[in-house]
Amino acid sequence: MSERRKQKYSRLLEVWLLHHYWLDDGATLFDNLSDEEQEHHLIDYDITAWIQIKPTEKTKKTLKACGATWCQTKRGFLVAVPDEAVILPETVLEWMLTPASSDFFNYTALTFRPQELHECYTDDKSTRYRFKENVPVFRNLTGASRGSGANKTLFLSSEIGVLKAGDGVEALFEKSGAICQLTADQTGNTPSSQTLDADKSAMPVFANQRDVPDIEPPEGVTDAPAKGILLDDDMPDDLFALIRLTAKRNDDNDFSFIDNDGKPLTKCPVFHLRFKNRHTWWKWIERDSSETFSSEPLPLTFHGNATGTNGKKPSSGMVKADLNEQQAVSRLVSEIFI
């Protein structure tokens, strides 16, 4: 008779990928919905509608060496390890994110610049490297939080900072304690923007342009892009983002996922990665070709209607960029044909 051995596992960490296009209700932020309304929206929520997740080859080997396993969930993914496993504090785990379809770019606030591929060689042409420009890396080592104690929420995005000269349309920024968003490219002394909330601490830490790291090119490479990542061989060309989790964070232990003995924490951390839905100017086009615009940019959402009515709302795919004489984006427009 063969011997059976039972293996007990403990949760090491969990990541929730929450996209506000699918979760907000019209003009109401998901976080401000009632518990019952939130649960109703989460019942049908499934990340496979907009994103694909896959661990890197290095992470697969690390998980295997630890006897760990990972699985995708409707909200994101989780990692579990055998109870006897010991995780080193410098352990790094990475997951690659690629859009499930091109629709993702229609309803997602693209606070990042275009992601172009670059093939670069060392000066002696002996080694080739692939870089992808403006790829964000979401990390627990640099993630920000909201709240405290039992109400503390851990975000994998960097804190949203002040506006910088290079930030373009849809960039998120903080101004006098408020969370704001550019509604056009910066071309004048007073950038066009809207205030999303007067209190930045009341809003989630959305994925933002500060999540894109500086590139430190290998020795001998002089023409690498300034921001983005160096692609490993197993990373696809359509890679959109990386999630990079390190076992121990020294300046905020709540972001760690092991204790001082390398064991899983009694309560595993749940990391949030939030993607913001687009705000666009809504343009209603009548049969006689007359046009009417909304008084301000409104959020695109799967649930509800940001106008507060049951009227027709735009398709998430009907977003156009109006350009000025300098070919800069002057506004993003969603067309609604009546």
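Remarks
So that you can scan it fast, the table gives a plain yes or no per residue for (1) within 30 Å of F302 (Cβ to Cβ); (2) touching a Pro at 6+ places or on another chain (Cβ under 8 Å); (3) of a type in the set (S, T, N, Q); (4) loosely packed, with under 14 Cβ neighbours inside 10 Å:
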{"position": "D199", "(1), (2), (3), (4)": "yes, no, no, yes"}
{"position": "D211", "(1), (2), (3), (4)": "yes, yes, no, no"}
{"position": "T222", "(1), (2), (3), (4)": "no, no, yes, yes"}
{"position": "D233", "(1), (2), (3), (4)": "no, no, no, yes"}
{"position": "L239", "(1), (2), (3), (4)": "yes, no, no, no"}
{"position": "G262", "(1), (2), (3), (4)": "no, yes, no, no"}
{"position": "V270", "(1), (2), (3), (4)": "yes, no, no, no"}
{"position": "R278", "(1), (2), (3), (4)": "yes, yes, no, no"}
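- Residues being among the acidic types (D, E) and without any contact (Cβ under 8 Å) to a residue 12 or more places away in the chain - total across the range 35-91: 5
- Filter result for the condition that a residue is in contact with a Ser or Thr (Cβ under 7 Å, 6 or more places away or on another chain) and farther than 23 Å from V169 by Cα, over P314, P269, P264: P264
- Between A165, A224, A150, the distinction of being at pLDDT below 95 and either touching a Gly at 6+ places or on another chain (Cβ under 7 Å) or not in a loop (DSSP other than H, G, I, E, B) (or both) belongs to A150 only.
- Members of the range 167-178 found to be touching a residue at least 24 places away in the same chain (Cβ under 8 Å) and within 13 Å of T111 (Cα to Cα), listed by number: D167, G168, V169, E170, A171, L172
- For G177, the conditions (1) farther than 27 Å from P89 by Cβ; (2) surrounded by 14 or more Cβ atoms within 10 Å (Cβ to Cβ) all hold with the exception of (2).
- Unmet criterion (only one of (1) exposed (fewer than 12 other Cβ atoms within 10 Å of the Cβ); (2) at pLDDT below 95; (3) not aromatic (F, W, Y)) for D251: (2)
- Test: residue in the range 211-218 that is assigned by TED's automatic domain parsing to the domain that holds D124, in contact (Cβ under 8 Å) with a residue 60 or more places away in the chain and not in a loop (DSSP other than H, G, I, E, B): yes
- Given (1) in contact with a Phe, Trp or Tyr (Cβ under 7 Å, 6 or more places away or on another chain); (2) touching a residue at least 24 places away in the same chain (Cβ under 8 Å), number of the condition R128 does not satisfy: (2)
- Tabulated pairs, the range 179-203, first in contact (Cβ under 8 Å) with a residue 12 or more places away in the chain, second part of a helix (DSSP H, G or I), C-beta under 6 angstrom, 6+ apart or interchain: I179/K200
- Residue among S102, S145, S126 that is in contact with a Lys or Arg (Cβ under 7 Å, 6 or more places away or on another chain), over 30 Å from K64 (Cβ atoms) and either assigned by TED's automatic domain parsing to the domain that holds D214 or of a type in the set (D, E, K, R) (or both): S145
- Among the residues of the range 78-101, the one identified as modelled with pLDDT under 95 and within 16 Å of the chain's Cα centre (by Cα) is S101.
- Qualifying position, being in contact with a Ser or Thr (Cβ under 6 Å, 6 or more places away or on another chain), of a type outside the set (A, V, I, L, M, F, W, C) and farther than 30 Å from W282 by Cα, among E90, E57, E94, E84: E94
Yes/no per residue for (1) without any contact (Cβ under 8 Å) to a residue 60 or more places away in the chain; (2) within 30 Å of L12 (Cα to Cα); (3) of a type in the set (D, E, K, R); (4) in the same structural domain as F105 (by TED's automatic domain parsing):
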site	(1), (2), (3), (4)
D238	no, yes, yes, yes
L242	no, yes, no, yes
N250	yes, yes, no, yes
P269	no, yes, no, yes
R287	yes, no, yes, no
S295	yes, no, no, no
D322	yes, no, yes, no
R331	no, no, yes, no
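- Scanning the range 115-135 for residues that are out of contact with any Asp or Glu (no Cβ under 7 Å at 6 or more places or on another chain) and either within 21 Å of L300 (Cα to Cα) or in a loop (DSSP other than H, G, I, E, B) (or both) yields T122, D123, D124, K125, S126, T127, N134, V135.
- Here A150 meets the list (1) among the hydrophobic types (A, V, I, L, M, F, W, C); (2) outside the structural domain of V92 (by TED's automatic domain parsing); (3) without any contact (Cβ under 8 Å) to a residue 12 or more places away in the chain almost entirely, failing just condition (2).
The values are calculated or read from the model by the stated rules, or taken from the named source; none is laboratory data. Owing to the predicted nature of the structure, the values given are computational and were not obtained by experimental measurement. As a convention, Cβ positions derive from the backbone with ideal geometry for all residues, glycine included, and neighbour counts pool all protein chains shown.
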